[in-house]
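Here's the structure, in structure tokens; my notes come after.
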Amino acid sequence: MLKDITLGQYFPGNTPIHRLDPRTKLILVIVYIVALFLAKGFVGYLVIICFLGTVMAMSKIRPKTALKGIKPLIFIIILTGILNIFYTKGSEETLLVDWWIFTIYKEGVMNAIFMVLRIFLLIAGTFMLTYTTSPIALTDGLERLLRPLKKIRVPVHELAMMMGIALRFIPTLIEETDKIMSAQKARGADFETGNLIQRAKALVPILVPLFVSAFRRAEELALAMECRCYHGGEGRTRMKQLHFHGGDFFAFGIGTALLAAMIVLRHFGL
Amino acid sequence: MPPLIEVQELCHVYGTGTPFQHTAIEHINFTAQRGEFIGIIGHTGSGKSTLIQHLNGLLKPTFGKVLLDGTDIWKDKQTTRQARFRVGLVFQYPEYQLFEETVFRDIAFGPKNMKLSEQEIRRRVLEAAGFVDVPEGVLEKSPFDLSGGQKRRVAIAGVIAMEPDVLILDEPTAGLDPEGRAGLLRNLQDYRKQKHAAVIMVSHSMEEVAMMADRLIVLNHGKIAMEGTPQQVFSHAQELKDMGLCVPQVTEIFLRLKELGVDVDPCVYTVPQAVQALRTRKGGSGRA
């Protein structure tokens, strides 16, 4: 059951999208988000959807998998939609429903649709990044992109290393949680019945061993890193050098075009 | 009278309907009686862990049944819960599950979940601690201050305190020193004898199962490849090797001796038996 979590999961593949430099993908995600927030009308959203659809098709990630990642957030998306329907005020002519305390305007409905669509596309788009980029490539790319910040004493390498380690240990910790849960269940622990307080209390036998093991792992990892003479980013070279290729420049071109198109469309209010 | 625990046509498939679909075990049939010591051997990934997690209802069979005293453990929720207490399962490296402030309270976790009286819990904790040679002075310490071997003992006591009719252990001696291993195995025998319980032990050490088990079950690719007394199983040395397993070291030596033309019976699988065999060969006199 815990294994069903797909958040931030990487699906290996060898498609043009997978092969892109992680820096390109990171920049493109930012471009995509900006473009998404520039969209104002149906035409704008349609362009974004087409763009995302093409990327998805090229990366051979099945829409079903992408939707699975959105599942845990469905509640927030629906709530946003409902709030937008009821809380957007319009003028007399656009009034659709006026019943008891509920008033719905045409603007509200439109707002709700766009809002839901925007969150939906935002999540689906960012998921494309993690689905097609391995965590290691991602942190590498991030480190390179943020390198200029070193001048103002931001510990870029350390942050990237921390992020890499954190990502690396998510599956391990999930597995560990599963194991500890089984073991405590074998001793009759009950996580499913009882009121809220009882259930919270039932988590103690899981959380304590989990924390203990996380600390133990951290210590072992630190030791192992020191044994291999890790001393921070100073003078550290990489095994895999990042290089931009033809595909990356093409992708930048597409990104620029997308941004330009969205700005033009916004200008015309589409 | 039905056997204490009976497994009928057990199958388990992980991740049904996903690309990762994988059949872990299929068509497993076996029974265990009270007082029996059963060893389960098999290479890594042969389905041992999956099998034992079915016996106390942690995993639900995709197909097949697990019967405890003739009753399907999945009959209703209550039966499943009772099965958890009647079939005690000790996972690999159980010391990583300790969580309480004191050793006493950690061992008492199982009995407490059984909703026993304060007095009964106390009795069981003390008895379980006795079984695994945890001295009373340790009971008020924090489990995190103990040595690795002691932690392991405390964790096993936590399961023994539920006084299960079937005690299952997944590689209980992994990572222990030779003395710790021998002690722990003795403790398990004591428990089996005193409570007239069945003990099922998964192990990678052929010497251990040869010494302890009345019966061996050999798993290979999710199926039972062999079943019988250690003598029967270890007489198929080549087949075991093909499965990535082996025979006890003494058996290996005797097989080699036979190959070299020494007239010995290679059906020897513990050191005392080997000594015995060599003695008789020398005509019952002298030292082997």
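Would you kindly state how much longer the chain becomes between A:Val204 and A:Met58 on full extension, computed as 0.36 nm times their sequence separation minus their alpha carbon distance, in nm to one decimal?
48.0 nm
Order B:116-128, B:27-39 from most to least packed using the mean count of other Cβ atoms within 10 Å.
Result, highest mean Cβ count within 10 Å first: B:27-39, B:116-128.
So what's the net charge close to B:Phe109: Lys and Arg +1, Asp and Glu -1, counting the other residues with Cβ under 9 Å from its Cβ?
The answer is +1.
In percent, what relative contact order does segment B:100-163 have, based on Cα pairs under 8 Å that are 6 or more apart in sequence?
51
How many nm separate the modelled label positions at B:Thr23 and A:Ala224, each set 7 Å beyond the Cα in the direction of the Cβ?
Going from the B:Thr23 label point to the A:Ala224 one covers 3.5 nm.
For segment B:197-215, list residues with backbone N below 16 Å from a point placed 7 Å from the Cα of B:Arg186 toward its Cβ?
Under cut-off, by backbone N: B:212.
Figure the gain on full extension for B:Lys65 and B:Thr102 (residue separation times 0.36 nm, minus the Cα-Cα span) and round it to one decimal in nm.
Working it through step by step, the gained length comes to 9.5 nm.
Using only the alpha-carbon atoms, how far is helix B:77-86 inclined from the longest principal axis of chain B? Give it as 0 to 90 degrees, nearest 10.
That helix lies at roughly 50 degrees to the long axis.
Show that you can apply the helix-only estimate: for the protein assembly as shown, add -39,500 (n - 2.57) for every DSSP H stretch of four or more residues, divide by all residues, and state [θ] at 222 nm to the nearest 500.
-17000 deg cm²/dmol
For peptide A:37-46, what's the mean number of Cβ atoms from other chains within 10 Å of each residue's Cβ?
Neighbouring Cβ atoms belonging to other protein chains average 0 per residue here.
For A:Tyr10 and B:Leu278, what does the FRET efficiency come to when R0 = 45 Å and r is the distance between their Cβ atoms, rounded to the nearest 0.05?
After rounding, the FRET efficiency stands at 0.15.
Which one of B:Ala225, B:Ala198, B:Gly244 is farthest out on the positive end of the charge dipole of segment B:187-288, using unit charges on Cβ (Lys, Arg +1; Asp, Glu -1) and the Cα centre as origin?
Highest projection toward the positive end goes to B:Ala198.
Considering every Cα-Cα pair within chain A, what fraction, in whole percent, is farther apart than 30 Å?
For chain A, the share of Cα pairs beyond 30 Å comes to 49 percent.
Mind checking the dipole of segment A:182-270: about its Cα centre, +1 per Lys or Arg Cβ, -1 per Asp or Glu Cβ, Debye to the nearest 20?
Roughly 140 debye, rounded to the nearest 20.
What's the center-to-center distance, using Cα atoms, between segment B:53-89 and segment A:227-266 in Å?
When both Cα centres are located, 54 Å separates them.
Tell me, how many Å apart are the Cα centres for segment A:166-224 and for segment B:104-157?
The distance from the Cα centre of segment A:166-224 to that of segment B:104-157 comes to 21 Å.
Measuring from centroid to centroid over Cα atoms, what is the spacing of segment B:166-204 and segment A:76-130 in Å?
Cα centroid of segment B:166-204 versus Cα centroid of segment A:76-130: 63 Å apart.
At a Cα cut-off below 19 Å, give the lysines reachable from A:Lys240, other chains included and same-chain residues fewer than 8 away excluded.
A:Lys25
Please report, in whole Å, how far the alpha carbons of segment B:100-163 spread along each principal axis, starting with the longest.
Sorted largest first, the three principal extents are 30, 21, 17 Å.
Please report A:Met239, A:Met110 as a ranked list, fewest other C-beta atoms within 10 angstrom at the top and most at the bottom.
Ranking A:Met239, A:Met110 by Cβ neighbours within 10 Å, fewest first, gives A:Met239, A:Met110.
Give me the net charge of B:Pro230's neighbourhood, meaning all other residues with Cβ under 11 Å from the Cβ of B:Pro230; Lys, Arg count +1, Asp, Glu -1.
-2
Which whole-number percent gives the relative contact order of chain B, counting Cα pairs below 8 Å spaced six or more residues apart?
The value is 21 percent.
If you take the beta carbon distance between A:Ile113 and B:Thr16 as r and set R0 to 25 Å, what does 1/(1 + (r/R0)^6) give as a FRET efficiency, to the nearest 0.05?
The formula returns an efficiency of 0.10 here.
Return the average number of partner chain Cβ atoms within 10 angstrom of each residue Cβ along peptide A:176-184.
4
Can you put B:Trp74, A:Trp99 in order of Cβ neighbours within 10 angstrom, beginning with the fewest?
A:Trp99, B:Trp74
For peptide A:10-22, what's the mean number of Cβ atoms from other chains within 10 Å of each residue's Cβ?
Mean partner shielding for this stretch: 0.
What are the lysines whose alpha-carbon lies under 21 Å from the alpha-carbon of B:Lys48, with same-chain residues fewer than 8 places away excluded?
Filter leaves A:Lys3, A:Lys179, A:Lys185, B:Lys60, B:Lys65, B:Lys223, B:Lys241.
List the relative contact order of chain A as a percent without decimals, with contacts defined as Cα pairs under 8 Å and 6+ residues apart.
32
Taking the Cα centre of the protein assembly as shown as the origin, how large is its charge dipole in debye, to the nearest 20, when only Lys and Arg (+1) and Asp and Glu (-1) carry charge on their Cβ atoms?
Here the protein assembly as shown has a charge dipole of around 1220 debye.
Would you mind classifying segment A:107-212 by shape? Square roots of the alpha carbon gyration tensor eigenvalues, ordered a ≥ b ≥ c; an a/c under 1.5 is rounded, otherwise it is prolate if a/b is larger than b/c and oblate if not.
oblate
Can you sort B:Leu260, B:Leu139 by how many other beta carbons sit within 10 Å, fewest first?
B:Leu260, B:Leu139
Please give every one of the aspartates and glutamates within straight-line cross-link reach of A:Lys40, meaning a C-alpha to C-alpha distance under 17 Å, and leave out same-chain neighbours fewer than 8 residues apart.
A:Glu107
First measure r as the distance between the Cβ atoms of A:Arg216 and B:Asp177, then evaluate 1/(1 + (r/R0)^6) with R0 = 22 Å and state the FRET efficiency to the nearest 0.05.
Using R0 = 22 Å, I get an efficiency of 0.60.
FYI, it's all coordinate maths here, none of it is from the lab. Keep in mind that this is a model prediction, so the values were computed, not measured. Every residue, glycine among them, receives a Cβ derived from its backbone with ideal geometry; neighbour counts consider all protein chains shown.
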